[in-house]
Amino acid sequence: MQAILTTLLFVAPDWVVKLTGERRPNAFWAEYIVWPAVQIIVVLFIVLTLVAYLVYLERKVSAFMQSRLGPMHVGPWGLLQPLADGIKLLLKEDIIPSKADRAVFIVAPIVSVVAALVVLAVIPWGASWATIANVNIGLLFILAVSSVGVLGLVLAGWSSNSKYSLLGALRSSAQMVSYEIGMGLSIIGALMFARTLSMSGIIDAQRADGMWYLMFQPLGFLVYVVSALGETNRAPFDLPEAESELVAGYHTEYSGFRWALFFMAEYSAMIVTSAVAVTVFLGGWMLPGVTGTSFFGLFGPISNPTLHTFASIIVFAGKIMLLIYAYMWFRWTWPRYRYDQLMELGWKWMIPASLANIVLTGIWYVLALPKPQGGLLNLMQGGASGRLVPTKLGIAYFIVTGFGVTIPIVWGLLTTINRRSRDFNLHEQRQLQIQLRRERLEKMLQQPADAQPAESGGQ
Amino acid sequence: MPAVKTTAAKRTLGQLIRRLLLFDLFKGLMVTFRYNVRALYEPRDGGNPNQALYTEQYPIEPARVSERFRGAPRLNLDPENGSTLCIACDLCALACPVDCIEVGSIRREVREGEKVNKKKVLTTFIYDTSRCMFCNLCVEACPTDCLELTQSFELAVYHRAGFRWDREMLEKGINYVKYPK
C-alpha cells in the first residue's frame with residue numbers, strides 16, 4: 001500500500017519526463033502536480049462544505065434575530081439541512097425557458113462560480129504550506145478575477161429573456177462595477193505600508209510592523225467592508241435580487257442546480273472578500289501569543305511548525321467567520337438602500353473617501369520616513385531585508401493619524417462635497433411646488449376680484 | 001427644481017453627533033445582536049412572548065392556547081365516586097342555538113342511602129362537534145358544572161361520523177395526538 005502511494009505521489013510518470021524535460025522530474029511531479037492537486041481538493045472540499053453550512057448559518061442567525069428557530073427537522077438542530085437542500089436541488093428538473101438563449105443560459109452560472117472559486121487559490125489559509133499558490137500579485141489576481149463574476153450575472157440576466165432578470169442584471173452590473181472601484185482604492189492605503197501585492201507578503205509585513213493594518217487604516221477598512229458588501233450583493237445592497245421589486249433579480253429564471261451554482265458563487269464571494277479583509281487589515285493568520293507574534297513578549301507563538309500551521313489555519317478561519325457573521329448581522333438588521341442612494345453612497349462617499357485616504361496616508365507615510373530618505377519625523381527604520389519598519393513611536397504616530405486626523409479630515413471633505421445632495425428630497429420639492437402653484441393661483445384670482453368685487457375667489 | 005431647505009439646516013448638535021457616529025445604525029445592530037445572544041442561552045419556551053425564541057414547534061410539542069379558549073367538549077365526572085355529574089336536565093340542549101346536543105335519559109329508581117328515589121338518569125349524550133360553534137351557552141346553562149369546553153382543539157377526523165361524540169368520548173376525552181416532547 002505504502003509502495004503504491006509513494007510511486008503515485010513521488011515518482012513522476014513517463015509522460016511528465018517526456019513532456020517537460022525536467023532534470024529532476026520526481027521533484028517537479030511531487031512539488032508542482034501532486035501537492036497542489038491535494039491542496040486544491042482539500043480546499044475545494046472544505047470551502048464548498050462551508051458554503052453549504054453558511055446557508056444553514058444564515059438561516060439560523062436570521063431566525064434567532066427574529067425570535068424564530070430556523071431549520072430544526074433534518075438531523076439534530078437541522079444540521080443535515082444543507083445536505084437535504086443539495087440533494088433536492090440536484091434532483092430537480094432542469095428548466096430552461098423556451099425563449100432563453102440556451103448556450104449563454106448554461107454558461108452564465110459556470111462563469112459566475114468559476115470566477116468565485118478560482119480566487120481561492122491565492123488566499124493564504126495559514127502559515128507556510130497552507131497556501132495553494134503564493135503568487136506575488138495575489139491581491140491583484142483576486143480583484144481581477146472576482147470582477148469577472150459580474151459577467152456571469154450579466155449573461156444570466158440577458159440570456160433569461162425576462163424583464164426581471166434583465167433589470168436585476170442591469171442593476172447588479174452597475175452596482176458591482178461602481179463598488180469595485182471603491183474596493184480597489186480602499187486597499188491601496190494598506191498596500192503602501194505592506195509594499196507588496198503578495199497575500200502572504202502582506203501578512204508578513206504586518207508581522208514585521210508589529211501592528212494590524214486595521215489600526216493604521218481604519219478608514220480603508222470601513223470603505224473596504226462597505227464596498228465588499230456592495231460587491232457581493234449582500235444586504236443592505238442586495239438590489240439585484242430585491243424580491244419585492246424584481247422577484248429574484250438576475251436568477252429569476254434559474255432553478256435546480258444552476259440556481260445553486262449562483263448561490264454558491266455568492267457565498268464563496270463572501271468568503272473571498274472577508275478573506276481579503278482579514279489578510280489586508282486584520283493580520284491574516286496572526287494572533288498574538290498563538291500564531292505569528294508573541295503576546296507582548298509574555299508568551300511566544302507556538303514553536304512546533306506543524307502545530308503552528310494548523311493553529312494559523314484555525315485563526316484565519318475564525319477571523320473570516322467573524323466577518324461573515326457581521327455580514328449576516330448587517331443583512332438582518334438594516335433595510336435595503338434605494339437605488340439612487342446606493343449609487344450616491346458608492347460614487348459620492350466611498351470613492352472620494354478612499355481617494356482622500358490614499359492621499360492622506362501617503363502624506364503621513366512620507367512624513368514618517370527616515371531623515372536620509374527625505375522624511376521629517378524619522379519614525380521608521382530599516383528592518384529585515386531592507387524593508388522600512390515603523391518604530392514604537394512610529395506605530396503610535398500612524399494609529400493617531402489614522403484615527404484622529406484622517407477620519408475627521410475625510411468626513412469634513414465628504415460633507416462639504418455632498419452638502420447639497422440632500423436637496424434631492426422629492427417630498428419637499430413637491431410640497432414647495434404645490435405652495436408656489438397655490439400662490440400663483442391666488443394671485444390670478446385676486447386680479448379679477450379687484451375688477452368684479454361681487455365674485456369672491458376660492459382659496 | 002426649486003431649491004428647498006435641507007434637513008441638515010434643521011439639525012441640532014446632538015443630532016449631528018449621533019449622525020456622525022452612525023448611532024442609529026449601531027442601535028439597530030445591538031437590538032438584533034441581543035436577540036441572537038438571548039436565543040443561544042435562554043431555555044426554549046414556545047409561545048412565550050417574553051422569551052427570545054417565540055416559536056412553538058406545534059406537532060412536536062403541545063401548542064399553547066389562551067386561557068379562555070373553548071375547544072373540545074367534556075362531561076365531567078364526580079371526582080369522589082366517578083359517576084357522572086350530569087342530571088339529564090336537558091338545559092344544555094335547550095340552550096344550544098344550533099341544536100347539536102341530544103340528551104337521552106330514563107326514569108328509574110335510584111338507591112340513595114336509605115331511601116329509594118325515582119330519578120331521571122342519563123343514558124346517552126350525543127354532542128355533534130361539526131355543528132357546534134363553541135359559544136359556551138350550554139356550559140353556562142349547566143347547573144352541575146358537568147358539561148365543559150376544554151382547551152383541546154384537535155377535533156379533525158377522517159369521516160363525518162367521527163364528529164358525533166357519544167357519552168364515552170365526552171367522558172374520557174380524545175387523545176389522537178401524541179406529542180414527542
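Derivation of every value follows stated rules applied to the coordinates shown; laboratory data play no part. Bear in mind the structure is a predicted one, so any value in this text is a computation, not a measurement. Please note: Cβ atoms are built from the backbone with ideal geometry, for glycine as well, and neighbour counts cover all protein chains shown.
Rounded to whole numbers, the Karplus 3J(HN,Hα) couplings from phi for region A:248-262 are 9, x, 4, 9, 4, 8, 8, 8, x, 6, 4, 5, 4, 5, 4 Hz, using 6.51 cos²θ - 1.76 cosθ + 1.60 with θ = phi - 60°, and x at Gly and Pro. Taking trypsin sites (Lys or Arg not before Pro) across region A:61-135, the ones in a DSSP loop with at most 11 further Cβ atoms lying within 10 angstrom of their Cβ are A:LYS99.
How many lysine pairs in chain A, separated by 8 or more positions in sequence or lying on different chains, have Cα atoms less than 24 Å apart? Total qualifying Lys-Lys pairs in chain A comes to 4. Counting only alpha carbon atoms, the long axis of helix A:351-368 and the longest principal axis of chain A meet at about 50°. When you restrict to C-alpha pairs under 8 Å that are six or more residues apart and normalise by the size of region A:1-85, the relative contact order lands at 17 percent.
Simple spin-label estimate for B:GLU154 and A:LEU426 gives 5.1 nm between the two label positions (7 Å along the Cα-to-Cβ direction from each Cα). Annotation: extensible slack from A:LEU151 through A:ARG24 equals 41.6 nm (criterion: 0.36 nm per residue apart, minus Cα-Cα distance).
Computed from Cα atoms, the angle from the helix A:35-65 axis to the main principal axis of chain A rounds to 40 degrees. The fewest-to-most ranking of B:ASP78, A:ASP340 by surrounding Cβ atoms within 10 Å reads A:ASP340, B:ASP78. Mean residue ellipticity at 222 nm, helices only, chain A: -20500 deg cm²/dmol; runs of at least 4 DSSP H residues each add -39,500 (n - 2.57), and the sum is divided by the number of residues.
In nm, what is the difference between 0.36 nm times the number of residues separating A:LEU89 and A:ILE137 and their Cα-Cα distance?
13.6 nm
Phi-derived couplings, Karplus 6.51 cos²θ - 1.76 cosθ + 1.60 at θ = phi - 60°, listed residue by residue for region A:154-168: 5, 4, 4, x, 6, 6, 5, 6, 9, 5, 5, 4, 5, 5, x Hz, with x used for Gly and Pro. Which is the longest stretch in chain A that no exposed loop site breaks, taking sites as chymotrypsin sites (Phe, Trp or Tyr not before Pro) with a DSSP loop state and at most 16 other Cβ atoms within 10 Å? That would be A:130-294.
Hey, got the dipole for region B:73-172? About the Cα centre, +1 on K and R Cβ, -1 on D and E Cβ, debye to the nearest 20?
I would put it at about 380 debye.
Sorted ascending by nearby beta carbons within 10 Å, beginning with the fewest, B:CYS142, B:CYS89 become B:CYS89, B:CYS142.
Just in region B:74-170: which chymotrypsin sites (Phe, Trp or Tyr not before Pro) are loop by DSSP and have at most 12 other Cβ atoms within 10 Å? Working shown, then result.
Numbers: sites: B:PHE125, B:TYR127, B:PHE134, B:PHE153, B:TYR158, B:PHE163, B:TRP165; in loops: B:PHE134, B:PHE153, B:TYR158.
Sparse-neighbourhood loop chymotrypsin sites (Phe, Trp or Tyr not before Pro): B:TYR158.
Counting beta carbons within 10 Å around each of A:GLU442, B:GLU168, A:GLU231, A:GLU428 and listing the fewest first gives the order B:GLU168, A:GLU442, A:GLU428, A:GLU231.
Of the GluC sites (Glu not before Pro) in region B:75-143, which ones lie in a loop per DSSP and count no more than 13 other C-beta atoms within 10 Å?
Passing sites in region B:75-143 are B:GLU80, B:GLU114.
Sequence-distant contacts, meaning Cα pairs under 8 Å at least 6 residues apart, place the relative contact order of chain A at 15 percent. Taking every C-alpha pair closer than 8 Å and separated by at least 6 residues, the mean separation divided by the residue count of chain B gives a relative contact order of 22 percent.
Between B:THR124, B:CYS138, B:CYS92, the Cα set farthest toward the positive side of the dipole of region B:73-172 (charges on each charged residue's Cβ, about the Cα centre) is that of B:THR124.
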